[in-house]
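Report on one structure; see the data block that follows.
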Amino acid sequence: MARIELDLAHSYVTDPRSDDDYALLPLKFSFDDGGAYALLGPSGCGKTTLLNCISGLLRPSQGRILFDSRDVTDASPQARNIAQMFQFPVIYDTMTVGENLAFPLRNRGVPPAQVRERVGRVAEMLDLSASLDRRASGLAADAKQKISLGRGLVRQDVSAILFDEPLTVIDPQLKWQLRRKLKEIHREFRLTLIYVTHDQTEALTFADQVVVMSRGKAVQIGRPTRCSSGPRIPLSGTSSGRLA
């Protein structure tokens, strides 16, 4: 896991001249190693842009990103050792569940015995043990999202796991179960987790710290109890703050 420090801004416009030209106004804060964070806000507020800057899918137009004090601003997602889950499951339909989970380890040359041990543990954690020999193509959306999560968890050296509204396609009755599973996983492994959502319930039940975003700004940062019922948390300037 890694401590992630941000000091950046981003515009999709070549020559931004006003705040309206920025998808992310200047932001400065850090995600502590092993913390669970939610980026909460409506569509278009900049939360996915921020997540993609962290993952390396997008280079910020201004500023820099540090992982454990190492500048990774120009580094690829692979070099940052990031796992990311998207709204729709990204899996290999022609592979079995077990092969999907094992792929990141086999791709890195991990010995077969270690692959079997790690895949078995992650599958048990996600209630996928009975499905290891099934082709992924025949599974429901929630099971496919579990596979996506498992591919991130199976790598013990991953810097952080990023979630971009991963429960959007999940049946409402199953969302609570998956959120609870994520909390259990976080308590056991103390992974650095960053979760993007527009759903206040998801943010407040998942995260230890919530970053409320609006129009490219972080307008409130704090623990779920303060975000839901307490006073607004003052930030340094209009759109910068440090996660405690």
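The table for this structure:
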quantity	calculated
Condition check for LEU105: among the hydrophobic types (A, V, I, L, M, F, W, C), more than 22 Å from PHE206 (Cβ to Cβ) and at pLDDT 95 or above	no
Those residues of segment 190-221 which are over 18 Å from the mean Cα position of the chain (by Cα) and in a strand (DSSP E or B), in sequence order	SER214, LYS217, VAL219, GLN220
Which listed residue, of LEU128, LEU132, LEU139, is in contact (Cβ under 8 Å) with a residue 40 or more places away in the chain and out of contact with any Phe, Trp or Tyr (no Cβ under 6 Å at 6 or more places or on another chain)	LEU139
Sole exception among (1) in contact (Cβ under 8 Å) with a residue 40 or more places away in the chain; (2) assigned to a loop (DSSP other than H, G, I, E, B); (3) surrounded by 13 or more Cβ atoms within 10 Å (Cβ to Cβ); (4) over 18 Å from the mean Cα position of the chain (by Cα) for VAL110, by number	(1)
Filter result for ARG187 (of a type in the set (Lys, Arg), under 21 Å from LEU27 (Cα atoms) and modelled with pLDDT under 85)	no
Selection count where residues are of a type in the set (Val, Ile, Thr) and without any contact (Cβ under 8 Å) to a residue 60 or more places away in the chain, scope segment 178-228	4
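The values are calculated or read from the model by the stated rules, or taken from the named source; none is laboratory data. Keep in mind that this is a model prediction, so the values were computed, not measured. Quick reminder, even Gly has a Cβ in these numbers, built from the backbone with ideal geometry, and neighbours come from all protein chains shown.
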